[in-house]
Amino acid sequence: MMDLSLLKSLMSGDEKLVSRFVSVFKTQVPAQVQQLPELCESQEWEELSTSLHSLKTQFSYVGMNEFAEQMREME
């Protein structure tokens, strides 16, 4: 479940920006998560680290802190 309070604060309450971020999040994050096993199997450690860092940040912005913490631990 998303908690958009941090995102709204970061975007000064601009609902259009918040909506745009959430839309991009819903489009990009599943694909990024799906790539993680492949990056691990192919030992692309730098790209894996970059993806985990990006996911950690994105999950934090939408208040999905458990997922953000999982990404931080794997990073």
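Figures for the structure shown
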| quantity | calculated |
| --- | --- |
| When residues of segment 25-62 are limited to those that are touching an Asp or Glu at 6+ places or on another chain (Cβ under 8 Å) and surrounded by 15 or more Cβ atoms within 10 Å (Cβ to Cβ), the one nearest to Ser5 (Cα to Cα) | Val62 |
| Boolean, Val24 is of a type outside the set (S, T, N, Q) and within 13 Å of the chain's Cα centre (by Cα) | yes |
| Pairs with Cβ under 8 Å, 6+ apart, first in segment 62-75 and touching a residue at least 40 places away in the same chain (Cβ under 8 Å), second among the charged types (D, E, K, R) | Val62/Asp3; Gly63/Asp3; Met64/Asp3 |
| Inter-residue pairs, beta-carbon under 8 Å, first outside any loop (DSSP other than H, G, I, E, B) and in segment 3-23, second small (Gly, Ala, Ser) and surrounded by 13 or more Cβ atoms within 10 Å (Cβ to Cβ), 6+ apart | Ser5/Gly63; Leu6/Ser60; Leu6/Gly63; Leu7/Gly63 |
| Failed condition for Lys56, given (1) in a loop (DSSP other than H, G, I, E, B); (2) touching a helix residue (DSSP H, G or I) at 6+ places or on another chain (Cβ under 7 Å) | (1) |
| Residue check, Leu17 surrounded by 14 or more Cβ atoms within 10 Å (Cβ to Cβ) and either within 11 Å of the chain's Cα centre (by Cα) or farther than 14 Å from Leu4 by Cα (or both) | no |
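FYI, it's all coordinate maths here, none of it is from the lab. Every value quoted in this text rests on a predicted model; they were computed, and no experiment measured them. Note: ideal-geometry Cβ built from the backbone for every residue, glycine included; neighbour counts use all protein chains shown.
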